[in-house]
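Trainee: My structure is below; once you've seen it, I'll send some questions.
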Amino acid sequence: MLVPNSFLHLPFHFDPDKLKAELRSCLQQSWTPHFNPRDYRGEWNIIALRSLGGREHHITAYPNPFYQNTPLLQKCPAFQEVLEAFECEKHAVRLMALMPGGYIREHCDDGLEYEGGIFRIHVPITTHAQVSFRLNGQLIPMTEGSCWYANFELPHAVQNRGSAPRVHLVMDCLRNAWSDALFKANGYVFGAAPAKTQTIRPEDIPLVIDSLLQMGTEAALKEVARLRRVNSKKI
């Protein structure tokens with residue numbers, strides 16, 4: 001079923017050859033398996049370009065003020081160009097690789113409908129015809145170097161039936177006046193759907209707390225205390 005504002009093909013195109021050249025360098029680094037193994041089968045690995053505390057292996061994504069660029073991003077001007085194209089604040093920015101034969105089960109992510117204030121952008125770096133991405137049952141044909149918004153609160157799933165990895169640059173951005181103008185110009189209908197607040201799934205809280213503890217700043221430790229209070233109320 002077609003839902004208003006399900007996805008937008010945004011008017012950016014990034015040079016796939018430059019993106020792939022930087023990806024080859026990044027593939028020499030240590031990547032981390034996705035932290036929700038129940039959501040996928042096969043290999044789904046991640047490395048952060050922007051993360052909690054600026055570490056490449058901190059791959060969680062939830063709204064907070066502690067995101068920093070990683071040293072890896074500093075070495076990747078083509079990836080920096082993608083970030084700079086979006087004139088808004090960014091939270092998590094990650095490279096996400098679904099390996100051949102892998103699939104991501106259909107699921108929904110809270111708090112990623114545009115009007116909720118945080119929106120997720122995908123830029124495919126390597127993909128092919130044997131990759132399928134479905135959003136609310138609809139096939140979305142993402143090509144290398146293209147740029148997409150999708151409402152990831154809707155059910156979505158990915159399958160890689162090919163022999164090569166599918167790697168996307170995935171960027172969580174904060175809505176502002178610039179992004180409102182961009183979305184409106186590309187067909188987004190404001191007020192068409194209720195917005196939700198992005199939350200942390202209870203099973204992800206220990207990972208987030210661990211990342212904040214490694215930062216060790218006063219503000220990060222205050223956030224740890226808040227998360228522990230919230231988590232204790234849910235038990």
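The values are calculated or read from the model by the stated rules, or taken from the named source; none is laboratory data. It should be emphasised that the depicted structure is a prediction, and the values quoted were computed from it without experimental measurement. Cβ: placed from backbone, ideal geometry, glycine included. Neighbour counts: every protein chain shown.
Trainee: Read through the list (1) crowded, with 18+ Cβ neighbours inside 10 Å; (2) assigned to a strand (DSSP E or B), then give the number of the only condition that Arg134 fails.
Mentor: (1)
Trainee: List the strands (runs of 3 or more DSSP E) inside the range 2-78, counting only whole elements, that have at least 3 residues being within 14 Å of the chain's Cα centre (by Cα) and touching a residue at least 60 places away in the same chain (Cβ under 8 Å).
Mentor: Output list reads 44-52.
Trainee: Kindly provide the set of residues from the range 34-78 that are modelled with pLDDT of 95 or more, more than 16 Å from Gln214 (Cβ to Cβ) and small (Gly, Ala, Ser), ordered by number.
Mentor: Gly42, Ala78
Trainee: I would also like to ask the following. Checking the structure you have, find out if any residue of the range 43-55 is closer than 20 Å to Leu135 by Cα and in the same structural domain as Val93 (by TED's automatic domain parsing).
Mentor: Scanning the range 43-55 turns up at least one residue that is closer than 20 Å to Leu135 by Cα and in the same structural domain as Val93 (by TED's automatic domain parsing).
Trainee: Related question: Which of (1) of a type outside the set (D, E, K, R); (2) under 25 Å from Pro202 (Cβ atoms); (3) surrounded by fewer than 21 Cβ atoms within 10 Å (Cβ to Cβ) is the odd one out, the single condition Pro100 does not satisfy?
Mentor: (2)
Trainee: Sort out which residues of the range 6-25 are touching a Phe, Trp or Tyr at 6+ places or on another chain (Cβ under 7 Å) and within 12 Å of Trp148 (Cα to Cα), and write them in order of number.
Mentor: Within the range 6-25, Phe7, Leu8, His9, Leu10 meet the criteria.
Trainee: Does Tyr114 fit the bill of being in the same structural domain as Arg38 (by TED's automatic domain parsing), crowded, with 21+ Cβ neighbours inside 10 Å, in contact (Cβ under 8 Å) with a residue 12 or more places away in the chain and over 13 Å from the mean Cα position of the chain (by Cα)?
Mentor: The answer is yes for Tyr114.
Okay, residues lined up against (1) touching a strand residue (DSSP E or B) at 6+ places or on another chain (Cβ under 9 Å); (2) more than 23 Å from Leu23 (Cβ to Cβ); (3) exposed (fewer than 13 other Cβ atoms within 10 Å of the Cβ); (4) assigned by TED's automatic domain parsing to the domain that holds Asp17:
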| residue | (1), (2), (3), (4) |
| --- | --- |
| Gln138 | yes, yes, no, yes |
| Tyr149 | yes, no, no, yes |
| Asn160 | yes, no, no, yes |
| Met171 | yes, no, no, yes |
| Trp178 | no, yes, yes, yes |
| Ala185 | no, yes, yes, yes |
| Phe190 | no, yes, yes, yes |
